[in-house]
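Only one structure is covered here, and it is reproduced in the block below.
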Amino acid sequence: MKTVLHVVGARPNFVKAAPVLAAGARHGLRQVLVHTGQHYDDAMSEVFFRQLELPAPDINLGVGSGSHGAQTGALLSALESVILDQRPALVVVYGDINSTLAAALAAAKLQIPVAHVEAGLRSFDETMPEEINRRLTDALARLLFATSPEAVGHLAREGVPADRIHLVGNPMIDTLLAKLDNLDPHPFRSAHGLGPDDSYVMVTMHRPVNVDQPEAAARVVSVLRSVAARVPVFFPVHPRGRANLEEVGIGGVAGVTVLEPLGYVDFLSAVRGAALVITDSGGLQEETTILGVPCLTMRTTTERPITISHGTNRLVGIEDVPGVAAAVLDGSVTAPDERPPLWDGRAGVRIAAVIERFVNRP
Ligand code: UD1
């Protein structure tokens, strides 16, 4: 039987892969799950496997952290050995992280076809490592699974043949909808002394541009200080920015509660109850769109414009965040009613059907 090799490495990958693996299992595919170990802490990795009912990885490469070149190089070398050993009929990669690009490159050089889940997103900001990863992965892929019509348009303009592109919806939203009944904000509210009607803001911030330099981290702290003067702010801090944010005093800001990274269910339960989210994450722009929670993305570009046209997201320059946050909290900003097409909980099923046809083609 032919093998489908799925490669995941970091938090957002786990959330996207869960529905694809589940649907692939229902098709009776022989699937091998490789965890590269790009994320390795319990709070960044294992908790997602437990809560999303992901099968334990068949292979864990334990590659860990490093500079982009060192990390990608280590991933490339380790994944090449796995692919040579497993001889899969298809390698499935997710999103835009360094593990995604390394797996696509290792497979393509060994003449193994690559499927890219979440193909065609473009921020057109080449200072983002993710933009480089996505463009190169798409260039190497044989099956390109797009979450939005804009993504299909980008791929078509880049010359990808139409029969390689599949508009399937959004597997990250499959996971969200599957877990929706478990997302209860009340335990989070009680744990932090908030009543059922109290407003609060959830924050995540981990992009290099916002946290890698002390000056940028200081600007983040100053924005959060002004938002927290009005409503409580909760900030589960990604390990990437912790040292810089602590250095510039995030721990001592009145009204800001700094938390450890949260697991999937705890985090999205808290987001579901929030009056507002302030973030620089990609996936959270999509999740807030479906949860109907206003989202301010503290970036100058987004690769997910459908979350603005069909959702609750808006791009806000750092200096405008306090003013726009106040307007949202006053209820003077509303979002479009229409949700993105095909974000209906069935993307994984559509992806698995295409994969099954591809690997079993005559
Ligand atoms: C990576 C992805 C980013 C994604 C994010 C989700 C790339 C280029 N970036 O960024 O697109 O949005 O994951 O979280 O692939 N660390 C730990 N424990 C861990 C993992 C990381 O302490 O389990 C620390 C390490 O000090 C590491 C730093 O976090 O140096 C950054 O980790 P890395 O995997 O390089 O990138 P992320 O910022 O997590």
Subset of region 89-134 that is open to solvent by less than 10 Å² (accessible area, probe 1.4 Å) and away from the ligand (no atom under 16 Å from the Cβ) - its residue that is nearest to Val152 (Cα to Cα): Gly120
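Take Met1 and tell me if it is surrounded by fewer than 20 Cβ atoms within 10 Å (Cβ to Cβ), more than 12 Å from Ser99 (Cα to Cα) and touching a residue at least 60 places away in the same chain (Cβ under 8 Å). First the steps, then the outcome.
Details: surrounded by fewer than 20 Cβ atoms within 10 Å (Cβ to Cβ): yes; more than 12 Å from Ser99 (Cα to Cα): yes; touching a residue at least 60 places away in the same chain (Cβ under 8 Å): no.
So Met1 does not fit the description; no.
Within region 6-15, identify whether any single residue is surrounded by 21 or more Cβ atoms within 10 Å (Cβ to Cβ), among the basic types (Lys, Arg), within 16 Å of the ligand (Cβ to nearest atom) and assigned to a helix (DSSP H, G or I), and answer yes or no. Spell out how you get there, then give the answer.
Applying the first criterion (surrounded by 21 or more Cβ atoms within 10 Å (Cβ to Cβ)) to region 6-15 yields 6-15.
Subset that is among the basic types (Lys, Arg): 11.
Subsequent filtering for residues that are within 16 Å of the ligand (Cβ to nearest atom) retains 11.
Restricting the remaining residues to those that are assigned to a helix (DSSP H, G or I) gives 11.
Taking every residue of region 6-15 in turn, at least one turns out to be surrounded by 21 or more Cβ atoms within 10 Å (Cβ to Cβ), among the basic types (Lys, Arg), within 16 Å of the ligand (Cβ to nearest atom) and assigned to a helix (DSSP H, G or I).
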Do you know which residues across region 301-326 are in a loop (DSSP other than H, G, I, E, B) and out of contact with any Gly (no Cβ under 7 Å at 6 or more places or on another chain)? Thr301, Thr302, Pro305, His310, Gly311, Val316, Gly317
For region 330-360, name all the residues that are modelled with pLDDT of 95 or more, open to solvent by 10 Å² or more (accessible area, probe 1.4 Å) and not acidic (Asp, Glu). Pro341, Leu342, Trp343, Gly345, Arg346, Val349, Arg350, Ala353, Val354, Arg357, Phe358, Asn360
Failed condition for Ala162, given (1) open to solvent by less than 30 Å² (accessible area, probe 1.4 Å); (2) out of contact with any Leu (no Cβ under 8 Å at 6 or more places or on another chain), with all others met? (1)
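Return yes or no: is Val231 within 21 Å of Ser199 (Cα to Cα), at pLDDT 95 or above and either within 16 Å of the ligand (Cβ to nearest atom) or under 22 Å from the mean Cα position of the chain (by Cα) (or both)?
Working: within 21 Å of Ser199 (Cα to Cα): yes; at pLDDT 95 or above: yes; either within 16 Å of the ligand (Cβ to nearest atom) or under 22 Å from the mean Cα position of the chain (by Cα) (or both): no.
In short, no.
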Could we say that Pro208 is touching a residue at least 12 places away in the same chain (Cβ under 8 Å), in contact with a Phe, Trp or Tyr (Cβ under 7 Å, 6 or more places away or on another chain) and within 16 Å of the ligand (Cβ to nearest atom) here? no
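For the subset of region 35-66 comprising residues that are closer than 15 Å to Glu80 by Cα and free of Cβ contacts under 8 Å to residues at least 60 places away in the same chain, which member is farthest from the ligand (Cβ to nearest atom)? Even if it seems obvious, please write down each step before you answer.
Keep residues of region 35-66 that are closer than 15 Å to Glu80 by Cα, which gives 35-36, 59-63.
Subsequent filtering for residues that are free of Cβ contacts under 8 Å to residues at least 60 places away in the same chain retains 35, 59-63.
Values: His35: 11, Ile59: 18, Asn60: 13, Leu61: 13, Gly62: 11, Val63: 9 Å.
Here the residue is Ile59.
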Does region 61-81 include one or more residues that are open to solvent by 10 Å² or more (accessible area, probe 1.4 Å), on the phi > 0 side of the Ramachandran plot and not small (Gly, Ala, Ser)? no
Under the condition of being within 20 Å of Ser67 (Cα to Cα) and not aliphatic (A, V, I, L, M), which residue from region 240-254 is nearest to the chain's Cα centre (by Cα)? Arg240
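The values are calculated or read from the model by the stated rules, or taken from the named source; none is laboratory data. Everything numeric in this text was worked out from a predicted model, so none of it was measured. Neighbour counts run over all protein chains shown; Cβ positions are idealised from the backbone, glycine included. These accessible areas exclude ligands, DNA and RNA; they are computed on the full protein's heavy atoms, side chains included. Shrake-Rupley method; radii C 1.70, N 1.55, O 1.52, S 1.80 Å.
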